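**Q** The structure follows.
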Amino acid sequence: MLKTITPAEAARLLREEGAALVDVREPDEHARERIPGARNLPLSRLEEVELAVQQGRPVVFHCRSGARTQANAARLADRVSSCEAYVLEGGLDAWKRAGLPVAEDRRQPLELMRQVQIAAGSMVLLGVMLGALVWPWFYLLSAFVGAGLVFAGITGSCGLARVLRLMPWNRRLPIAAAA
């Protein structure tokens, strides 16, 4: 299992011991906001991508809040059995609260899951409002969205996310050009 480390301790490891910092969030999240120097290794591709770390140098894993990293600590530990590895306590949010540097690129699209939340919530609200004010059959829109969310939760496949991913505003700029 991985040890938990505070943002201040992680910053010291990065500065003094040349630790590797690994962001386990999805690429769309990493592109919009990240800790400078963090490498992106999404949990969804953990088994596909080789994690190259320098022998003897520590590794610090992080996500936005620390919850995803903690939930997958055993999987992450398996990837770095040859060195000390840590989970950043509180993730990127705690890093920011500690006043440590963060690179942001507001030109990048919102994270896909936030887009799904906004779209699904808007459709449910619209269905309820139209059902109450116009015609009761509009309540079916809310039921349809609810059923879609249940299906996505059960199968791990979200049709709305697939559609949103294809939208023109979700064409990300290269991170290097966004700095």
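**Q** Does V60 satisfy being farther than 30 Å from W169 by Cα and buried (at least 19 other Cβ atoms within 10 Å of the Cβ)?
**A** Criteria met by V60.
**Q** Of the residues in segment 23-65, how many are part of a strand (DSSP E or B) and either of a type in the set (D, E) or not assigned by TED's automatic domain parsing to the domain that holds L92 (or both)?
**A** The qualifying residues number 2.
**Q** Still on this structure, please answer the following. For I154, are the conditions met, namely being over 21 Å from S44 (Cβ atoms) and β-branched (V, I, T)?
**A** no
**Q** Hey, another quick one. Could you count how many residues in segment 86-112 are surrounded by fewer than 19 Cβ atoms within 10 Å (Cβ to Cβ) and aliphatic (A, V, I, L, M)?
**A** So the count comes out to 5.
**Q** Among the residues of segment 113-124, write down those that are of a type outside the set (S, T, N, Q) and surrounded by 13 or more Cβ atoms within 10 Å (Cβ to Cβ).
**A** M113, R114, V116, A119, A120, M123, V124
**Q** How many residues are within 20 Å of V60 (Cβ to Cβ) and hydrophobic (A, V, I, L, M, F, W, C) if we restrict to segment 84-120?
**A** Count: 10.
**Q** Another question about this same structure. Answer yes or no: is there a residue in segment 10-25 that is crowded, with 22+ Cβ neighbours inside 10 Å, in contact with a Cys (Cβ under 8 Å, 6 or more places away or on another chain) and β-branched (V, I, T).
**A** The answer is yes; a qualifying residue exists.
**Q** For segment 70-85, state whether one or more residues are surrounded by fewer than 19 Cβ atoms within 10 Å (Cβ to Cβ), of a type in the set (S, T, Y), closer than 30 Å to V163 by Cα and out of contact with any helix residue (DSSP H, G or I) (no Cβ under 9 Å at 6 or more places or on another chain).
**A** No: zero hits.
**Q** Only one of (1) over 29 Å from E9 (Cα atoms); (2) in a helix (DSSP H, G or I) fails for R68. Which number is that?
**A** It is condition (1) that R68 fails.
**Q** Look at S65 and say whether it is closer than 15 Å to A19 by Cα and either surrounded by fewer than 17 Cβ atoms within 10 Å (Cβ to Cβ) or basic (K, R) (or both).
**A** no
**Q** What pairs come up if the first residue lies in segment 2-31 and is closer than 14 Å to C83 by Cβ, the second is modelled with pLDDT under 95 and of a type in the set (K, R), and their beta carbons are under 8 Å apart, counting only those six or more places apart or on different chains?
**A** E17/R57; G18/R57; A19/R57; A20/R39; A20/R57; L21/R39; V22/R39
**Q** Still on this structure: Please verify whether segment 92-112 includes one or more residues that are out of contact with any helix residue (DSSP H, G or I) (no Cβ under 6 Å at 6 or more places or on another chain) and farther than 16 Å from R34 by Cα.
**A** no
**Q** Tell me which of these W135 doesn't satisfy, since it passes every other one: (1) in contact with a Cys (Cβ under 8 Å, 6 or more places away or on another chain); (2) surrounded by fewer than 18 Cβ atoms within 10 Å (Cβ to Cβ).
**A** Going through (1) in contact with a Cys (Cβ under 8 Å, 6 or more places away or on another chain); (2) surrounded by fewer than 18 Cβ atoms within 10 Å (Cβ to Cβ) one by one, W135 breaks only (1).
**Q** Would it be correct to say that A67 is modelled with pLDDT of 90 or more and over 13 Å from the mean Cα position of the chain (by Cα)?
**A** So A67 does not fit the description; no.
The values are calculated or read from the model by the stated rules, or taken from the named source; none is laboratory data. Bear in mind the structure is a predicted one, so any value in this text is a computation, not a measurement. Here the Cβ is made from the backbone with ideal geometry for all residues, glycine too, and neighbour counts use every protein chain on show.
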